[in-house]
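The values are calculated or read from the model by the stated rules, or taken from the named source; none is laboratory data. The structure displayed is predicted, hence computed values, not measured ones. Positions of Cβ are generated from backbone atoms using ideal geometry, with glycine treated the same way; all protein chains shown enter the neighbour counts.
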Amino acid sequence: MLKTQNKTIMIWLLIFAFIVAFLVVFGGYTRLTRSGLSIVEWNPINGAVPPMGQHQWEAEFAKYQLSPEYVKINTDMTLDEYKYIFYIEWFHRVVARLAGLLYAIPVFYFLFRKTIPFKEFGIYFAMGMLFIAQAFMGWFMVASGLVDRPAVSHFRLTTHLLLALTLFSLAIWTATGHKYGFHDGSQKAKWSLPSKLAVWSTLALIIQIVYGGMTAGLKAGHVSSTWPLMFGKWIPPNLFNSWINLLETPQTIVFIHRWFAWLGIILVPLVIYIVKKQNYPADIQKGLLWLLGAVSLQIVLGVWTILSYVNIAIALVHQANAILLLGLAVYFIHRFRALDGKK
């Protein structure tokens, strides 16, 4: 159980969490610009440097020309057009490498200086393993689009997303502890109603994120550009005639993603009402109002994304706001549990 508080570590973790969030959003940009399959090899060391000179560029382009995306979609792509999508994916990978250094160098420095006691190193070690896992899953995801079809597995994409967001959440949780203190695990605190509702709200958000990931992976956002109706109906036929539709059928997945979000409009005001009734600290009450605003904005952005036929800028803001919501959810669970421990 963590006990040591340190402002410098808190700032480092918040910066790291921001970089992870940036990577997730830029990953969305990479996907929406169809740049994610432009680099057909995973070279963690050599890949840090882009091709130099005409000969190297032609060799890299020749590898891409063997991929399903070129063969089936981009057969008329020029070398200059290829360079554009290459640099987008290359930048994404370079930032990921820098994020790894931003984590590894400070954590070992803090451990060496005993700013992080060795007995409390477990959670930081878990962050490191999560970073490696999501990096591996990133390539595993890309590899699925290099075999026979020019699209990655939506399951691998969603797993890659969840690993990154778990890393983000763990960094936010630990940084919040460095700010407000860590709950003493030796005392079993009873779960208050706001704490329980915060957890349920977060689980609902995670389900929504999962369906958002599958929507992205299947390009299901392009299924229908009307709202609230899909194909002229509130509930189109054959959406739920098989359980496999919940995981594989674009129409069903995007329908769930459209409407499950409204659960937040129910849960968050309920938490606000209870917190106000039980006279929680003013900063928590005010923060929950901001959370409600973020939930409302997320729904507006979701509808706008549909109506704009997945405009890239709107879709990316929608994704960024979802990460903000997750960070706020983690923050409030931490605060509620800390207050539970004082009762």
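Of the candidates Phe108, Phe118, Phe125, the single residue that is hydrophobic (A, V, I, L, M, F, W, C), more than 19 Å from Ala21 (Cβ to Cβ), surrounded by fewer than 16 Cβ atoms within 10 Å (Cβ to Cβ) and modelled with pLDDT under 95 is Phe118. Taking the range 124-144 as the range and being closer than 15 Å to Ala104 by Cα and hydroxyl-bearing (Ser, Thr, Tyr) as the test, only Tyr124 passes.
For the range 264-284, which positions are under 30 Å from Gly217 (Cβ atoms), surrounded by fewer than 21 Cβ atoms within 10 Å (Cβ to Cβ) and touching a residue at least 60 places away in the same chain (Cβ under 8 Å)? Of everything in the range 264-284, just one residue is under 30 Å from Gly217 (Cβ atoms), surrounded by fewer than 21 Cβ atoms within 10 Å (Cβ to Cβ) and touching a residue at least 60 places away in the same chain (Cβ under 8 Å), namely Leu267. Checked against (1) among the hydrophobic types (A, V, I, L, M, F, W, C); (2) within 19 Å of Ile85 (Cβ to Cβ); (3) touching a residue at least 60 places away in the same chain (Cβ under 8 Å), Val20 passes all but a single condition, namely (2).
So which residues in the range 214-250 are in contact with a Leu (Cβ under 7 Å, 6 or more places away or on another chain), buried (at least 18 other Cβ atoms within 10 Å of the Cβ) and free of Cβ contacts under 8 Å to residues at least 60 places away in the same chain? Pro250, the sole residue that qualifies. Taken over the range 308-343, residues that are touching a helix residue (DSSP H, G or I) at 6+ places or on another chain (Cβ under 9 Å), within 30 Å of Met230 (Cα to Cα) and part of a helix (DSSP H, G or I) amount to 14.
Restricting Ala99, Ala62, Ala104 to residues that are in contact (Cβ under 8 Å) with a residue 60 or more places away in the chain and in the same structural domain as Leu13 (by TED's automatic domain parsing) narrows the list to Ala99. Does any residue of the range 1-20 turn out to be modelled with pLDDT under 95 and crowded, with 19+ Cβ neighbours inside 10 Å? Yes - at least one qualifying residue is present in the range 1-20.
Assigned by TED's automatic domain parsing to the domain that holds Gly213 and farther than 23 Å from Leu203 by Cβ - does that describe any residue in the range 329-343? Taking every residue of the range 329-343 in turn, at least one turns out to be assigned by TED's automatic domain parsing to the domain that holds Gly213 and farther than 23 Å from Leu203 by Cβ.
Within the range 176-196, not a single residue is free of Cβ contacts under 8 Å to residues at least 60 places away in the same chain, surrounded by fewer than 22 Cβ atoms within 10 Å (Cβ to Cβ), aliphatic (A, V, I, L, M) and outside the structural domain of Gly27 (by TED's automatic domain parsing). Looking across the range 230-283 at every residue that is of a type in the set (A, V, I, L, M) and in a loop (DSSP other than H, G, I, E, B), the one that is nearest to the chain's Cα centre (by Cα) is identified as Ala261.
Of all the criteria given as (1) among the aromatic types (Phe, Trp, Tyr); (2) exposed (fewer than 14 other Cβ atoms within 10 Å of the Cβ); (3) in contact (Cβ under 8 Å) with a residue 60 or more places away in the chain, the one not satisfied by Trp139 is (2).
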